[in-house]
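What follows is a short report on a single structure.
The values are calculated or read from the model by the stated rules, or taken from the named source; none is laboratory data. The shown structure was predicted, so the numbers you read here are calculated from the model rather than taken from an experiment. Note: ideal-geometry Cβ built from the backbone for every residue, glycine included; neighbour counts use all protein chains shown.
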Amino acid sequence: MITVLQRVNKAKVIIENKLYSEINSGYLIFLGIFKEDSENDANKLVEKIINLRIMSDDQGKMNKSITEIGSEIMVVSQFTLCANLKGGRRPDFFPAMQPKEAEKLYNIFIKKLKTKNVRVKSGHFAAHMKIELTNDGPVTFILDSKNL
């Protein structure tokens, strides 16, 4: 599993020109799921994300975890993070997990986050979404479960 995690002041998911979900201060997580990923990958990422100290303290330093601040998390599925861009000009999505299996892991990832005392919202798996966000910092990290 791979994530692009952004610290945000706000984020919204819009589907068919209607607000689907939104958060205020917290993390926007774009989640890509590879064929070889498992629940173990979800566990690793959740533990890392919950314990990261990338929220600002009173001095403006990245020193607090999301649970210490009481902020929210928005999770959006993004299979394009799994693309192979090595050959040609068109992305190859062969490394991405098939949608039915990926949706199961996506939901497991969200459920595991919810057990960590944090409010979690999400996009709609496999929907065409418009994402609006205000990045805070900007603070953006890429986390790969295979490298944790």
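Summary of computed values
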{"read-out": "Subset of the range 90-131 [at pLDDT 95 or above and among the polar types (S, T, N, Q)]", "value": "98, 107, 115, 122"}
{"read-out": "Subset of the range 17-43 that is surrounded by fewer than 18 Cβ atoms within 10 Å (Cβ to Cβ) and charged (D, E, K, R) - its residue that is nearest to the chain's Cα centre (by Cα)", "value": "22"}
{"read-out": "Residue list for the range 84-102, filter: over 18 Å from the mean Cα position of the chain (by Cα) and within 21 Å of residue 38 (Cα to Cα)", "value": "84, 93, 94, 95, 98, 100"}
{"read-out": "From the options 45, 31, 5, residue that is touching a helix residue (DSSP H, G or I) at 6+ places or on another chain (Cβ under 7 Å) and under 18 Å from residue 70 (Cα atoms)", "value": "5"}
{"read-out": "In the range 103-123, the residues that are over 12 Å from the mean Cα position of the chain (by Cα) and touching a residue at least 40 places away in the same chain (Cβ under 8 Å)", "value": "105, 108, 112, 116, 117, 118, 119"}
{"read-out": "Every residue from the range 49-73 that is under 21 Å from residue 21 (Cα atoms) and either among the small types (Gly, Ala, Ser) or surrounded by fewer than 13 Cβ atoms within 10 Å (Cβ to Cβ) (or both)", "value": "70, 71"}
{"read-out": "Whichever residue in the range 78-130 is of a type in the set (S, T, N, Q) and out of contact with any strand residue (DSSP E or B) (no Cβ under 6 Å at 6 or more places or on another chain) and, among such residues, is nearest to residue 24 (Cα to Cα)", "value": "117"}
{"read-out": "Candidates 112, 104, filtered to the one that is in contact with a helix residue (DSSP H, G or I) (Cβ under 8 Å, 6 or more places away or on another chain), surrounded by fewer than 19 Cβ atoms within 10 Å (Cβ to Cβ) and assigned to a helix (DSSP H, G or I)", "value": "112"}
{"read-out": "Criterion: of a type in the set (A, V, I, L, M, F, W, C) and within 18 Å of residue 123 (Cβ to Cβ) - qualifying residue of 52, 45, 85", "value": "45"}
{"read-out": "Per-region count, the range 74-89, residues surrounded by 13 or more Cβ atoms within 10 Å (Cβ to Cβ) and either modelled with pLDDT under 95 or at positive phi (or both)", "value": "0"}
{"read-out": "Strands (runs of 3 or more DSSP E) wholly inside the range 1-65 containing at least 2 residues that are of a type in the set (S, T, N, Q)", "value": "2-15"}
